[in-house]
1. Filter the range 63-91 down to the residues that are closer than 20 Å to residue 45 by Cα and crowded, with 17+ Cβ neighbours inside 10 Å and list them by number.
2. Going through the range 130-153 one residue at a time, which ones are in a loop (DSSP other than H, G, I, E, B) and aliphatic (A, V, I, L, M)?
3. Hey, can you tell me all the residues within the range 143-157 that are without any contact (Cβ under 8 Å) to a residue 40 or more places away in the chain and either more than 23 Å from residue 59 (Cβ to Cβ) or surrounded by fewer than 16 Cβ atoms within 10 Å (Cβ to Cβ) (or both)?
4. Determine the pairs where a residue that is more than 11 Å from residue 129 (Cβ to Cβ) and free of Cβ contacts under 8 Å to residues at least 60 places away in the same chain, located within the range 38-58, has a partner that is of a type in the set (A, V, I, L, M, F, W, C) and buried (at least 19 other Cβ atoms within 10 Å of the Cβ) with Cβ atoms under 6 Å apart, the partner being 6 or more residues away or on another chain.
5. Please work out which residue is modelled with the lowest pLDDT, limiting yourself to the range 115-151 and to residues that are within 19 Å of residue 54 (Cα to Cα) and within 14 Å of the chain's Cα centre (by Cα).
6. Restricting attention to the range 92-114, and to residues there that are surrounded by 15 or more Cβ atoms within 10 Å (Cβ to Cβ) and assigned to a loop (DSSP other than H, G, I, E, B), which single residue is farthest from the chain's Cα centre (by Cα)?
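The values are calculated or read from the model by the stated rules, or taken from the named source; none is laboratory data. Keep in mind the model is a prediction, meaning the values are calculated, not measured. Cβ atoms come from the backbone with ideal geometry, glycine included; neighbour counts cover every protein chain shown.
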Amino acid sequence: MPAPQRSTRSAFTLVEILIVVVILGILAAIVVPQFTGATDEARQSTFIASLKTYADACEYFTAREGHYPPDGGSGSIPAGFESYVDQDEFESPTPLGGVWDVEFNEMGITSAVGVHFQGVSVPEYMLQIDETFDDGDLDNGIFQQLAADRFYYIVAP
């Protein structure tokens, strides 16, 4: 008669499982802060793309209508501009916070489109955004800080 076979089960010990959990925790602690930076970069890129789209729409509006878009209240689309941009997107908050705004013959410029933060904290990387558009100086160029909480792409100085 053959000898009975013993079944052996392989299993992880509690110590092995704890070691794996600790290693995964260390890896997560290294990777998560990098994703936080990626989120800020994604917001900046989305903001830049949207701002450029709105500036192009202002120029197209001017070419077709024969005048610059009228001044709009912060967060609301100027009259006639809804044919050139998506009204819901324009009236939604920007990716950085604040609201979109079009200026006409205000704050020393002829026409501009940008963001008005209206009491929302201004991100510290607005200077980096300026470097994307021009010279890294928010006092002049295509992208300017027109007031403490207002940053605009200048369509016509």
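1. 85, 90
2. So the first thing to find is which residues in the range 130-153 are in a loop (DSSP other than H, G, I, E, B), and the list is 134-142, 148-149.
Across the range 130-153, the qualifying residues are 138, 142, 148.
3. Matches in the range 143-157: 148 only.
4. Once the first residue is more than 11 Å from residue 129 (Cβ to Cβ) and free of Cβ contacts under 8 Å to residues at least 60 places away in the same chain and sits in the range 38-58, its partners that are of a type in the set (A, V, I, L, M, F, W, C) and buried (at least 19 other Cβ atoms within 10 Å of the Cβ) give 57/85.
5. The extreme case among them is 132.
6. Filtering the range 92-114 down to residues surrounded by 15 or more Cβ atoms within 10 Å (Cβ to Cβ) leaves 94-104, 106, 109, 111-114.
Subset that is assigned to a loop (DSSP other than H, G, I, E, B): 94-98.
On the way: 94: 7, 95: 4, 96: 5, 97: 8, 98: 11 Å.
Taking the candidates together, the pick is 98.
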